[in-house]
Amino acid sequence: MWERGRPPPRKPRPSPLILPASALVSPPPPRFVFPRSLFALAARAMPSRRPSPALLLLLALALALLFLLLSPSGPSASRLSHSFASASSSYPASSPLPSPVKIYLYDLPSKFTYGVVRSYMSARAPPGSADAAATLPDEELRYPGHQHSAEWWLFKDLRRRGPRERPVARVDDPAEADLFYVPFFSSLSLVVNPIRPLAAANASVAAAEPAYSDEAMQDELVEWLERQPYWRRHRGRDHVFICQDPNALYRVVDRISNAVLLVSDFGRLRGDQASLVKDVILPYSHRINPFQGDVSIEARPALLFFMGNRYRKEGGKVRDTLFQVLENEGDVIIKHGTQSRVSRRMATQGMHSSKFCLHPAGDTPSACRLFDALVSLCVPVIISDHIELPFEDVIDYSNISIFVDTSKAVQPGFLTSMLRRVSSERILEYQREIKRVKHYFEYEDPNGPVNQIWHQVSMKAPLIKLLINRDKRLVERATNETDCSCICSTPSEISTGN
C-alpha cells in the first residue's frame, strides 16, 4: 500500500539478458583468434545509457556472422582465399609469359648461315693451306670472335630442341607461328672479304673462284623471301631480321622495314626504316675478358680510361676534342688504338684498373666498348647524345652509368672535375648495380641477353597483330605515301620488290 496522492513507486527494471558470445556461436577453430578489439569498438560506439536486450542480441548475431565469414574454415573465406590465390598466381612477379609467342625458324639455304662462316674462314686461310672450313660439318663450325655475334647466339638458341623456359617457342609448322625469324648472318656477311688484299699465293685461287658479294647475298635473300607465302601474306610485318652492324642489310633495308629489326643503334637508319616502337636494341658482344673480382676502389687507381680510334666521322668527331682536353690529365689514361689482340689486352688491363671508362660517340652512337666497360665493373661515362640502350624496361642506366652532354664534356676541366667529385661510396654503388645486371650483357650466360632479346621480340607480337588487323580494314592509300601511324611502314610497291 502507499499513501493517497503520492505516485506509486516504480517497479525495478529487470536486468537485461546479456548472452556471452560463446553461447551464440560455435567455438572458433584453433588457428583463428577473434579480435577482441571489435568488442571494445562496439562498446565505445554504444550510447551511454544501457542498451535493450534486442539490440544486444542483434549485435551478437552480427558478430557471429562476421566470425563465420572470416573463419579460415568457412565456405566464404575459402572462396575468397581461392579467388585471391588465383589472382596472384595469374600475375606472379617477374614470371615468364604464360603462353610463349610461337616463332618459326626459316630453313634458309645454307649459304645464308653456315655458308657465311665458311666464306669468312676461307678468305682468311693461310697462303697455300687447305680450306678446312669446306670440309667441317655444320655443327662443328664456330662463329668468329666478333662484336656482332648475337646473330649466331640467337640462331643456335632456336635450333636447340627440348623444353625450356623462354618467352618464345619454336614451332615446325609455319601456320602456327606468330612470328618468323630470318637467320641470315648479315653482320658477318658484311666483313667476309678482308680489308687487306689477299696474299700473292692465294691470288690464283681467288681469281678462279667468284668473289663473295655481300650486296648479292642481300638481294638473293629478299628475292627468296618474296617467293614465300608467309612473307607475301603481310608484306613481312611479322618477320624478324637481325642486322646488328650499322651497315648490315643496308642495300635492302627499305624492302624489309615493315619487319622487326634487331639492331644495336639507329645511327645509319632513317625514321621511316626503324623505330623503338617496332624494333629491338641489342647489346654488342664484349670483346675483353670480364672482371672476376669484387667491387673495389683501391684496386682501381686510374680515374678515367679510354682506348680507341681518335679520328672518327660524323658524331665521332668529338673524340679528337676529348683527346685534346684529357691527354694531359695525370690520372687519366687515354690512348689511340685500333682492333687487335694487343689492343684488347691493353684495354682489359686499363678497364679493370680504372674507376670510370669513357664512351664517346663514334661513327654511330654506340659501340662494343660500352659493354666491355660494364663487364669490367668500370663505370661508363657516356658522351653520346643520340645513343639508344638495350633492355631499358629492366635496366635503369642512370644507376650504372654517368651521362654527360657533349657540349659540356668538351669544356676543359669539366669532365675530370665532375668525376673527382663522385664519392667513393657512390662509385661502389655503381659497381654493385653493374655487377647485379651485367649478366644481361654476357651472351654466354644461360640467363643472359638471348632470353631478354626473345622477351623484347615477344612484346612486339600484340602490336604486330594489331597492325595486321588494321591493314585489313583500311582503304588503299596513294602508292607514294608512307604509313607512319605509330610505326614506320613501307609502301607495298617497295616491300614486294616491284
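The values are calculated or read from the model by the stated rules, or taken from the named source; none is laboratory data. Please read all numbers here as calculations on a predicted model, not as lab measurements. Glycine also receives a Cβ, built like all others from the backbone with ideal geometry; neighbour counts cover every protein chain displayed. Side chains included, ligands, DNA and RNA excluded: accessible areas come from the protein's heavy atoms. Shrake-Rupley method; radii C 1.70, N 1.55, O 1.52, S 1.80 Å.
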**Fill in**
The lone condition Arg421 fails out of (1) modelled with pLDDT of 95 or more; (2) outside the structural domain of Arg319 (by the TED database); (3) not aromatic (Phe, Trp, Tyr) is (2)
**Asked** So which pairs qualify, if the first residue must be in the range 381-408 and in the same structural domain as Phe356 (by the TED database) and touching a residue at least 24 places away in the same chain (Cβ under 8 Å), the second must be of a type in the set (Gly, Ala, Ser) and part of a loop (DSSP other than H, G, I, E, B), the Cβ gap must be under 6 Å, and the two must be at least 6 apart or on different chains?
**Response** Ser384/Ala361; Ile387/Ser366
**Prompt:** Among the candidates Lys435, Lys472, Lys460, which residue alone is assigned by the TED database to the domain that holds Glu392 and either open to solvent by 30 Å² or more (accessible area, probe 1.4 Å) or more than 30 Å from Ile297 (Cα to Cα) (or both)?
**Reply:** Lys435
**Message:** When the residues of the range 238-266 are narrowed to those that are over 21 Å from Phe155 (Cβ atoms) and crowded, with 22+ Cβ neighbours inside 10 Å, which ends up farthest from the chain's Cα centre (by Cα)?
**Reply:** Arg255
**Request:** Could you please find all residues in the range 284-311 being in a loop (DSSP other than H, G, I, E, B), touching a Gly at 6+ places or on another chain (Cβ under 9 Å) and surrounded by 21 or more Cβ atoms within 10 Å (Cβ to Cβ)?
**Result:** Ser285
**Asked** For the subset of the range 312-338 comprising residues that are without any contact (Cβ under 8 Å) to a residue 24 or more places away in the chain and open to solvent by 60 Å² or more (accessible area, probe 1.4 Å), which member is farthest from Pro412 (Cα to Cα)?
**Response** Lys317
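Name the residue, out of Val410, Val422, Val394, Val379, that is open to solvent by 10 Å² or more (accessible area, probe 1.4 Å) and under 14 Å from Ser354 (Cβ atoms).
Numbers: Val410 fails: under 14 Å from Ser354 (Cβ atoms); Val394 fails: under 14 Å from Ser354 (Cβ atoms); Val379 fails: open to solvent by 10 Å² or more (accessible area, probe 1.4 Å).
Being open to solvent by 10 Å² or more (accessible area, probe 1.4 Å) and under 14 Å from Ser354 (Cβ atoms) holds for just one of Val410, Val422, Val394, Val379, which is Val422.
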**Asked** Say we look at the range 204-232 and pick out the residues that are modelled with pLDDT under 95 and loosely packed, with under 12 Cβ neighbours inside 10 Å; which of these is nearest to the chain's Cα centre (by Cα)?
**Response** Ala211
